[in-house]
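The values are calculated or read from the model by the stated rules, or taken from the named source; none is laboratory data. None of the values given here were measured: they were computed from a predicted structure. Counting neighbours? That spans all protein chains shown, and the Cβs are built from the backbone with ideal geometry, glycine included. Please note that ligands, DNA and RNA were not included when accessible areas were found on the heavy atoms of the full protein model with its side chains. Shrake-Rupley method; radii C 1.70, N 1.55, O 1.52, S 1.80 Å.
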Amino acid sequence: MANVEGLLYLIEYTLLILIPLLLAVAYLTYVERKVIAAMQLRIGPNVVGWFGLLQPFADGLKLLHKETIIPTRANPFLFLMAPLLTFGLSLSAWAVIPFGPGLVISNINVGILYLFAISSLGVYGIIMAGWASNSKYSFLGALRSAAQMVSYEVSIGLVIITILLSAGSLNLSEIVEAQQNIWFIIPHLPMAVIFSVSALAETNRAPFDLPEAEAELVSGYNVEYSSMTFALFFLGEYANMILMSAIGSILFLGGWLPPLQIFPFTWVPGIVWFALKMSFLLFIFLWVRATFPRYRYDQLMRLGWKVFLPFSLIWVILTAGVIVIL
């Protein structure tokens with residue numbers, strides 16, 4: 001009986017996270033179009049619903065009604081599994097994200113390692129999509145994306161190591177609680193910048209959206225996809241954007257903690273602070289897309305391997321040295 005109650009509690013708690021997350025993914029597409037429209041002095045979506053607020057649902061219904069076309073020489077099983085794997089992994093990572101004190105599905109002591117494992121598996125979905133499509137453009141886009149994600153995962157890993165050294169724990173809730181006195185963005189500001197740029201590359205967002213470069217790849221690894229299979233890739237990318245914003249908030253901005261431990265801020269629930277910090281980081285994603293041109297591929301690799309990797313490695317050594325001395 002206790003096992004059944006525990007299972008029902010887990011399902012209920014999971015739905016309380018997944019449903020708002022799926023709505024956030026849907027409306028992030030709307031917000032992105034509105035923000036970029038404002039930066040380009042346009043109007044953006046404004047027809048479907050009040051201020052265009054029903055546009056994400058209209059887009060979803062349109063994709064649902066389209067036919068799923070599988071190329072003749074494609075591998076049907078892997079072709080259909082790839083978007084499901086990509087989208088499923090983008091949701092499963094939220095199992096260890098704490099939204100507040102005790103508000104987490106699985107408060108495991110190795111939460112960071114779990115996130116590393118999930119982010120590493122994300123490469124397989126894109127490789128599967130490129131190979132199973134049996135298209136040279138899809139395969140080239142998949143190889144580009146895999147090389148890009150692996151390259152910047154190294155930098156993100158070293159950035160996270162500096163935070164783990166400072167917090168003394170792999171548990172995400174304990175990392176947040178270690179920032180009671182000072183957020184880690186203050187002593188680790190260069191690492192926060194490297195994490196932000198690497199997050200753009202990890203999620204294939206502009207100016208690092210080279211796997212989807214229309215000019216030379218005709219949209220890259222997802223060129224053969226249509227209807228909901230394409231939508232799952234699209235939703236997975238936006239879910240990963242929200243996930244990286246959540247991780248950035250936890251590692252550098254104190255998670256659910258308010259800016260100052262004083263009266264004017266203490267009455268605001270921690271989950272509200274967490275949502276505000278995530279929204280700020282998501283706005284940076286959109287701002288960068290509207291501002292910067294796309295990198296060349298050699299520039300992308302040079303930045304990751306010759307700038308971010310050595311600098312973050314030096315910072316890890318400095319952080320460890322300071323902790324040992326103090």
Considering each residue of the range 33-53, count those that are of a type in the set (G, A, S) and in contact with a Pro (Cβ under 7 Å, 6 or more places away or on another chain), and give that number.
1
Note down all Cβ pairs under 8 Å where the first residue falls in the range 221-248 and is at positive phi and open to solvent by less than 10 Å² (accessible area, probe 1.4 Å), the second is in a loop (DSSP other than H, G, I, E, B) and not β-branched (V, I, T), and they're at least six residues apart or on different chains.
S227/K66; S227/E67
Out of (1) surrounded by fewer than 19 Cβ atoms within 10 Å (Cβ to Cβ); (2) over 22 Å from L158 (Cβ atoms); (3) under 19 Å from the mean Cα position of the chain (by Cα), what's the single condition that is false for R296?
(3)
Take F208 and decide whether it is modelled with pLDDT of 85 or more and within 26 Å of G125 (Cα to Cα).
yes
